[in-house]
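Reviewing the structure listed below.
The values are calculated or read from the model by the stated rules, or taken from the named source; none is laboratory data. What you see is a predicted model; the values in this text were computed from it and never measured. Glycine also receives a Cβ, built like all others from the backbone with ideal geometry; neighbour counts cover every protein chain displayed.
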Amino acid sequence: MAENRGMPVADMTQLRAKARASGVYFRVVKNTLVRRAVADTPFAALADKMVGPLAYGIGSRSRRRGEGPERLRQGHTTSS
């Protein structure tokens, strides 16, 4: 889950390409739908944080350290 407010289109496109190459499902989805999807799951505690323009990255954690969906946003900063 990452806020994408103010992220230039070129940066978002680059992030999506990086996600696709890493086997990560990366989409901007209505927060209401995501809240419903995570209800009664271990992720339900995050529902209160699902406010504003968010992008969601979903993937399996790699066996090798540093290759999961959590790595996509690391080191990626916007120019704004």
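When you look at ASP48, is it over 15 Å from ALA2 (Cα atoms) and modelled with pLDDT of 85 or more, yes or no?
no
Can you work out which of the residues in segment 1-26 that are surrounded by 12 or more Cβ atoms within 10 Å (Cβ to Cβ) and touching a Pro at 6+ places or on another chain (Cβ under 6 Å) is farthest from LYS49 (Cα to Cα)?
Looking at the filtered set, the residue picked out is VAL24.
Name the pairs: first residue in segment 2-28 and within 12 Å of ILE58 (Cβ to Cβ), second residue among the acidic types (Asp, Glu), Cβ to Cβ under 8 Å, at least 6 apart or on different chains?
That search, which allows pairs on different chains as well, returns SER22/GLU67.
Mind checking whether some residue in segment 38-51 is surrounded by 11 or more Cβ atoms within 10 Å (Cβ to Cβ), in a loop (DSSP other than H, G, I, E, B) and more than 11 Å from the chain's Cα centre (by Cα)?
For segment 38-51, residues surrounded by 11 or more Cβ atoms within 10 Å (Cβ to Cβ), in a loop (DSSP other than H, G, I, E, B) and more than 11 Å from the chain's Cα centre (by Cα): present.
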